[in-house]
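The values are calculated or read from the model by the stated rules, or taken from the named source; none is laboratory data. This is a predicted model, so every value here is computed, not measured. Side chains are part of the model used for accessible areas, which takes the heavy atoms of the whole protein and leaves out ligands, DNA and RNA. Shrake-Rupley method; radii C 1.70, N 1.55, O 1.52, S 1.80 Å.
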Amino acid sequence: MYLCTYLENMHYFDLFLEAYGWEGMALAAVLVLLLAVQLHYYIFVYGAIPDYKNNKRRPLLESEPPVSIIVPLFSEDYTFIEERLPLILAQNYPSFEIIVVYVGQDNDFYEDVSTIKQSFPNIFVTKIHLNPRFPISRKMALNVGIKSAHYEHLLFTSTDAYPQSDSWLSLMAKGFMRGDIVIGYCGLEQAPGMGGYMMRAWRMMHSVDWLARAIRRRPYRGILHNFGFTKSLYFGVNGFGHLNMNIGEDDLFMQQIMTRDNVSVVLSPRASLCEKRWGGMKWWIDRLRYFGSSFRFFPTDVKNYIIWELSTRVLFYLSVLCALVVMPLEIKIFALIMAVVRLTLVLLKVKKIARRLGEEKMVGRYVFYDLLSPLWSLLVGVVLMRKDERVWR
C-alpha cells in the first residue's frame, strides 16, 4: 500500500516536472517557504499583540506605586508648557510628581515654568545651565531628573509627546506591579497626504517589532516617549552607558537592564502617547538617521529578527513578480493566490494591531506601505552609512 502511494506521488512529481521544469518547481517551493516565514511573523509574532494580557504575569506589588514623571526640556517651548504639560498634570492618578529638567540660559523662561508650582505642588523644575562649549545630552538631563525624583518608580516622556487619555499614567503605573521596567506605545501625529500616512505606518510597524518581542519575553528596547524603570535598576548598573553617544537611553541602555522576567508591556489605546510632527519627509528621514545610528550596536539576533521579515517580504514579492513574468499560467495563478493569501492575512492582523495601539485609519492604505517600505528601509540604510556627527560626543 505504501509502495503504491509512493509510486503515485512520484508519478505526479514527474508530471509536474515535465510540465513546468525545475525552474517552476523551485519557484513554487520558494513561494511556499517565503509565505510560511511571513505567516509566522504575522500570526505567531505580531499576532500576539491584539490579544496580549499583561495581568497574566506574576504581580510584584500589591498596588500601583507612586510615580515620578521625568521630562527633559531643551528649549524655551511655551507650547509644551501651555498645551502638553497640562495633559500630563490632568492624569487621573492619586500619587505622582513631574520633574521638568530645563536645559537652557533663559532665566525668565525658567521663572515662568517655576511659577506653575504655585498651582500644582506636584511639579518640580530643575535647571541645568547651558554652556555652548559643553553640550548637555538628554542622558545628562535624565540623570539629573532621576536624582531629583522622590519616588522609586520612574516614567520618562518628552516635550513632543502627549497622552491620548487621562488614564495613561494609571495604566503605566499598573504595569510596575508586574515588572521593574514598563514599556508603552507612542504613535505619530496624523498628517494629510501619503507622506504623513507612511510616517505613521513606519512608526507603528517598527514599534510592533519590539513590542512583539517583549511580549515573547525577549525584549530589546522601548521608545523614549513612553517607558520607565525603577531607580534601583538604574543605579544598580551605575546609570546610562554609551556615554560617548547622545542617544541610546531607550534601546542600548534598555538592553543592558532588560531580562526575560522584568519587563511589563502596557498595551491600550488609553495608555498610548502621540508625538507631534514637526516637518515632512526630510524631517522624518533626518530623525531616522539620528536615532537609527544605535542599530549597529544591537545584538545580532535582534538585527536578524528585524531584517528577516523585511528580507523575506522583498523576496516574496520578487518571486511573485518573476512567476507573473516568465512562468506558465498555472504558476502565475498559484503565485497570485499566495500573494492574496498573504495580503489578506496582513491586513487583518494590522487592523487588530492598530486598534489595540489606538491608531486610526491605518488599514485602507496599508498595501502601499507594505510595498514601498522596503525601498524606504534601503534609503535609510544608505543614509546611515554616513556617520552622523550629532550622535557622538
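For segment 293-372, with all protein chains in place and a probe radius of 1.4 Å, 73% of the accessible heavy-atom surface sits on carbon or sulfur.
Cross-link pairs exceeding 30 Å in C-alpha to C-alpha distance, out of LYS139/LYS361; LYS53/LYS147; LYS147/LYS387; LYS139/LYS303; LYS117/LYS231, comprise LYS139/LYS361; LYS53/LYS147; LYS147/LYS387.
Considering only TYR366, TYR78, TYR52, the mean-square fluctuation computed in a Gaussian network model of the chain, springs between alpha carbons under 10 angstrom, is largest for TYR78. For the chain, the longest principal axis of the Cα atoms and the long axis of helix 300-326 meet at an angle of about 40 degrees.
Computed from Cα positions, the angle between helix 366-384 and the longest principal axis of the chain comes to roughly 70 degrees.
Taking the alpha-carbon distance from LYS174 and a cut-off under 19 Å, which aspartates and glutamates remain once sequence neighbours fewer than 8 residues away in the same chain are dropped? Of all the aspartates and glutamates, those that pass the test against LYS174 - Cα under 19 Å, at least 8 places apart if same chain - are ASP51, GLU62, GLU64, GLU97, GLU152, ASP166, ASP261.
Among the listed values (i) 27, 60, 12, 0; (ii) 17, 25, 15, 7, 7, 6, 7, 8, 6, 2, 0; (iii) 25, 51, 18, 5, 0, the one matching P(r) over Cα pairs in 20 Å bins from 0, in percent as calculated from this structure is (iii).
Note on segment 81-228: Cα convex hull, mean projected area over all directions, 10.8 nm².
The convex hull built on the alpha-carbon positions of segment 308-352 has an orientation-averaged projected area of 3.2 nm². For the chain, with a Gaussian network of springs between Cα atoms less than 10 Å apart, report the residue from ILE116, ILE146, ILE88 with the top mean-square fluctuation. Comparing ILE116, ILE146, ILE88 in the GNM, the peak value goes to ILE116.
Only Cα pairs under 8 Å and 6+ residues apart enter the sum, and on that basis the relative contact order of the chain stands at 22 percent. A 1.4 Å probe run over segment 30-114, with the rest of the protein chains in place, finds 48 Å² accessible per residue. Note that segment 136-262 presents 31 Å² accessible area per residue, ligands and nucleic acids not counted, probe 1.4 Å.
Over the chain, DSSP H runs of length four or greater, each weighted -39,500 (n - 2.57), average out per residue to a 222 nm ellipticity of -16000 deg cm²/dmol.
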